[in-house]
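In what follows, a single structure is set out as structure tokens and then discussed.
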Amino acid sequence: METKRVIIKDAAYPRDEELMEAAQVLRGGGLVAFPTETVYGLGGNGLDEDAAEKIYRAKGRPSDNPLILHIAAMEELEPLVEDIPEGARRLAARFWPGPLTMIFPKSKIVPYGTTGGLDTVAVRMPADPTARRLIALAGVPVAAPSANTSGRPSPTTADHVWQDMEGKIDLLVDGGPVGIGLESTIVDVSGPVPAILRPGAITREMVEEVLGTVEVDPAVAGPMAEGTAPKAPGMKYKHYAPKGELTLVRLKEETVRELRRPGSTLYVQVQSALAAFGMSLGRPFAQLDLESFYMARKVDEAARQMEQTGASVGVICTDETMAVYKTCLKRSIGKRAQADTVAHNLYGVLREMDDLGVQYIYSESFAQDHLGFAVMNRLDKAAGHRILAV
Ligand code: TXA
Ligand code: MG
């Protein structure tokens, strides 16, 4: 199949003429990849089981992993669901359109082919103007998983989509790079207690502001115990994986405690190493905090040890820590002080490591609050939970 690429001149103000053909393809049962504010989606008519089947085939994704239905307006929600709980109404009022997906009991018109056989359905109203206008023009709910080959990092640029989907879909709407870079937050509102099944840019703290409290599905925190199933089926697969073996380097609690205790042996040692490092640069040097400096040193140490075996090794660092590294191949994922920059670049950096044929990747880790929670969730999964605690 030949894939057509339609470039949107100004993605903030897409013109209907630019989206008409894509809308037609969706209505006709074909597949269209399109930008959203989170990641690119691979869309098909959400009420058409054959279209869902095509999506699964293009992605190479198991068909028990349900799809998200994308809508353009609130009144499009009602026909898709059995019931809209009060909490869901409040979340929608606050965060839709936006990077929030909610799980509802499904209505009869939603085929089991798109829900992976479940009696629930995931629905999201994206904020991206191109996505929203396309859905409105299509006139059907658009089922769209992330537009990557199953198991690869989600696409945050049209080129990423092209790499994975050229020849497998009818059309790619190229709206340039996405804004957020991580998939939407999923909140299950179908049960008695709302639960976050996947963290994202709508943070736990933001959801709690609206709902009071929210549970976090145990599958989000780390590896699942044998025999238990996460509530979002997609969370059970090895996900977001780069081809190289990724190790996430984290500070032990006791290390953090020592580094925060002026006068401790470790504090004194790292403090003087940091001062010496500053001197050795011989140029103005933005002072690092001890924890980031210590972590960067440890990541560098692990990477260089691996380099000595002759393997190709890459390091994922940050703008602040970049200068600390002696490892040959390093890529900054963003600014430690701004989690949104890290979210934005995460999947792109993982894909770049693939393109460079890196065999082993070592990454710094990040604070786990707010958006950092979603960032660490994706890094942890990409690492297959491989953690080096230092
Ligand atoms: O940001 C996003 O959500 C992007 C863009 C394109 O909207 N889409 C996306 O879709 O990330 P996908 O298919 O890659 O991830 C959807 C996740 C999967 O983990 C899936 O298991 C879960 O949502 N999910 C879908 N329907 C569900 C349901 N009825 N119950 C529980 N989990 C569900
Ligand atoms: Mg996905």
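The set of residues from region 242-265 being under 22 Å from residue 324 (Cα atoms), outside any strand (DSSP E or B), touching a residue at least 12 places away in the same chain (Cβ under 8 Å) and open to solvent by less than 70 Å² (accessible area, probe 1.4 Å) comprises 251, 255, 256, 259.
All of 130, 149, 114 fail the test of being assigned to a helix (DSSP H, G or I), in contact (Cβ under 8 Å) with a residue 24 or more places away in the chain and under 20 Å from the mean Cα position of the chain (by Cα), apart from 130. When residue 175 is tested against the conditions (1) over 27 Å from residue 6 (Cβ atoms); (2) open to solvent by less than 30 Å² (accessible area, probe 1.4 Å); (3) more than 16 Å from ligand 2 (Cβ to nearest atom), the lone failure is (1).
In the list 346, 329, 388, 356, which residue meets the criterion of being within 27 Å of residue 219 (Cα to Cα) and surrounded by fewer than 23 Cβ atoms within 10 Å (Cβ to Cβ)? Before the answer, list the steps.
Working: 346 fails: surrounded by fewer than 23 Cβ atoms within 10 Å (Cβ to Cβ); 329 fails: within 27 Å of residue 219 (Cα to Cα); 356 fails: within 27 Å of residue 219 (Cα to Cα).
Going through 346, 329, 388, 356 in turn, the sole match is 388.
When 31, 67 are checked against the criterion of being closer than 30 Å to residue 213 by Cα and either more than 20 Å from the chain's Cα centre (by Cα) or within 16 Å of ligand 2 (Cβ to nearest atom) (or both), a single residue qualifies: 67.
Across region 178-198, the qualifying residues are those that are away from ligand 2 (no atom under 14 Å from the Cβ) and surrounded by 24 or more Cβ atoms within 10 Å (Cβ to Cβ), and the one among them that is modelled with the lowest pLDDT is 189.
Select, from 342, 315, 299, the only residue that is within 28 Å of residue 253 (Cα to Cα), outside any helix (DSSP H, G or I) and in contact with a Ser or Thr (Cβ under 8 Å, 6 or more places away or on another chain).
Values: 342 fails: outside any helix (DSSP H, G or I); 299 fails: outside any helix (DSSP H, G or I).
None of the other options fit; the residue is 315.
Condition check: in contact with a Ser or Thr (Cβ under 7 Å, 6 or more places away or on another chain), within 24 Å of residue 384 (Cα to Cα) and either part of a loop (DSSP other than H, G, I, E, B) or open to solvent by 80 Å² or more (accessible area, probe 1.4 Å) (or both). Does residue 334 satisfy that? It would help to see each step written out before you state the result.
Details: in contact with a Ser or Thr (Cβ under 7 Å, 6 or more places away or on another chain): yes; within 24 Å of residue 384 (Cα to Cα): yes; either part of a loop (DSSP other than H, G, I, E, B) or open to solvent by 80 Å² or more (accessible area, probe 1.4 Å) (or both): yes.
The answer is yes for residue 334.
To keep it simple, each residue is scored yes or no on (1) modelled with pLDDT under 95; (2) part of a loop (DSSP other than H, G, I, E, B); (3) loosely packed, with under 15 Cβ neighbours inside 10 Å; (4) more than 15 Å from ligand 1 (Cβ to nearest atom).
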residue: 44; (1), (2), (3), (4): no, no, no, no
residue: 54; (1), (2), (3), (4): no, no, no, no
residue: 63; (1), (2), (3), (4): yes, yes, no, no
residue: 94; (1), (2), (3), (4): no, no, no, yes
residue: 101; (1), (2), (3), (4): no, no, no, no
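Do we have any residue at all in region 44-58 that's hydroxyl-bearing (Ser, Thr, Tyr) and within 21 Å of residue 170 (Cβ to Cβ)? Among the residues of region 44-58, at least one is hydroxyl-bearing (Ser, Thr, Tyr) and within 21 Å of residue 170 (Cβ to Cβ), which makes the answer yes. Among the residues that make up region 84-99, is at least one of them in contact with a His (Cβ under 9 Å, 6 or more places away or on another chain), closer than 15 Å to residue 37 by Cβ, within 16 Å of ligand 2 (Cβ to nearest atom) and not aromatic (Phe, Trp, Tyr)? There is no residue in region 84-99 that is in contact with a His (Cβ under 9 Å, 6 or more places away or on another chain), closer than 15 Å to residue 37 by Cβ, within 16 Å of ligand 2 (Cβ to nearest atom) and not aromatic (Phe, Trp, Tyr).
The values are calculated or read from the model by the stated rules, or taken from the named source; none is laboratory data. Since we're looking at a predicted model, the values are computed, not measured. Using ideal geometry, Cβ is built from the backbone for each residue, glycine included, and neighbour counts are taken over all protein chains shown. Accessible surface areas use protein heavy atoms only, side chains included; no ligands, DNA or RNA. Shrake-Rupley method; radii C 1.70, N 1.55, O 1.52, S 1.80 Å.
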